[in-house]
Structure formats: structure tokens, C-alpha cells
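In what follows, a single structure is set out as C-alpha cells and then discussed.
The values are calculated or read from the model by the stated rules, or taken from the named source; none is laboratory data. These numbers were taken from a predicted model, which means no experiment stands behind them. No Cβ is skipped: glycine too gets one built from the backbone with ideal geometry, and neighbour counts run over all protein chains shown.
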Amino acid sequence: MGKKLIIIFLIIGLTTNLKAQVYLDNLYKQANEMAISVSKGDYKTLLKYTHPKIIKMMGGTEKAAATLKQTMTGLKQQGFQFDKISIGKVVQTIKSPKDIQSIVPQILDLKFGAKTIHSNSYLFSISYDGGKNWYFLDTGTTQEADLRKMFPEINSKLVIPKSNKVIN
């Protein structure tokens with residue numbers, strides 16, 4: 001009887017770990033797709049991973065895409081270009097019955113003439129369907145209090161680290 005209980009607990013533990021791995025795999029895959037879409041100017045993909053609340057605040061999908069295109073074109077005209085963008089390992093994850101929330105590092109190098117702006121920021125990531133689909137928001141562009149006001153569903157236990165930028 002004791003061996004059977006140990007086997008049952010092992011199976012339950014493995015099943016739980018596999019479920020966690022599936023949503024983490026989806027998180028990394030989608031965060032990387034989102035990051036690549038930024039550097040390529042692929043606004044359709046970027047908007048796919050943008051929280052619907054943000055898209056609504058921007059006036060809908062078409063206006064959001066136009067605004068993104070205009071902003072990116074303006075940056076390029078000023079001499080900015082994406083050099084590198086990557087996603088780090090999840091810093092924190094909180095799971096509730098209605099969503100999964102995570103904080104994921106985003107590392108960005110932006111060239112401006114001979115200078116490089118190196119940014120370490122964090123993405124607030126949320127999934128409403130058990131980790132199948134994710135939305136991302138760069139927390140480095142918004143004050144935490146404003147972010148929590150816009151998204152009251154952000155778990156109070158979620159710690160949003162400070163972003164930093166270095167210019168070389």
C-alpha cells in the first residue's frame with residue numbers, strides 16, 4: 001500500500017509539472033514572437049499579443065496599428081534601430097482560478113548613431129485561458145501605480161521590478 005501511494009504522488013507531481021511546463025513553453029514562445037515582431041515592424045503580430053484593453057485605449061486595432069507604424073517610422077527617421085531584443089527567464093508567476101500572471105525580463109539594445117541604449121525592462125504577462133494565449137505589457141514605460149490602476153486584476157502579490165537603461 002505504501003509503494004502505491006508513493007507512485008500516485010509521483011504521478012500527480014509529474015502531471016502538475018507538465019501542465020506548468022506547457023504554459024511556460026507557451027509564454028516563452030509567444031513572448032519571443034512578440035519581441036521579434038517589434039524588431040521587424042510586424043504590427044499585426046505585435047497587436048496579437050497586446051492586451052485588448054490597451055488596443056481599446058488606442059482606438060481599436062486599425063488605429064493602434066497606424067499609431068505603432070507612425071511611432072516606429074519616426075524612430076527610424078531619427079536614426080534609432082533595434083539591434084537586439086530578447087526575453088529572459090520568468091521572474092515570478094502567480095496562478096489563480098481566473099488567470100495566470102507572470103513577470104518576464106525583456107532585454108533590448110537600441111542603436112542611435114554611435115550610441116547603444118541597453119534596456120532591461122520587465123513584461124507583465126497575463127493569460128486568461130490557462131496559459132494557452134498570453135498578452136504582454138512592457139512595465140518600463142508606465143509607473144507601477146498607473147499600471148495597477150489600468151489593470152486592477154494585477155495580483156497584489158506580484159512584484160514588478162524596476163527597469164533600467166544604460167547608454168554607451
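Structural remarks
- Selection status of Gly59, exposed (fewer than 12 other Cβ atoms within 10 Å of the Cβ) and touching a Lys or Arg at 6+ places or on another chain (Cβ under 9 Å): no
- Members of region 3-41 found to be over 25 Å from Ile100 (Cβ atoms) and at pLDDT 50 or above, listed by number: Lys3, Lys4, Ser39, Lys40, Gly41
- Cross-chain or 6+ apart pairs with Cβ under 6 Å, region 56-78 first and free of Cβ contacts under 8 Å to residues at least 24 places away in the same chain, then surrounded by 11 or more Cβ atoms within 10 Å (Cβ to Cβ) and assigned to a loop (DSSP other than H, G, I, E, B): Ala64/Met58; Thr67/Met58
- Residue within region 85-103 that is over 17 Å from Phe151 (Cα atoms), assigned to a strand (DSSP E or B), touching a strand residue (DSSP E or B) at 6+ places or on another chain (Cβ under 9 Å) and modelled with pLDDT under 90 present: yes
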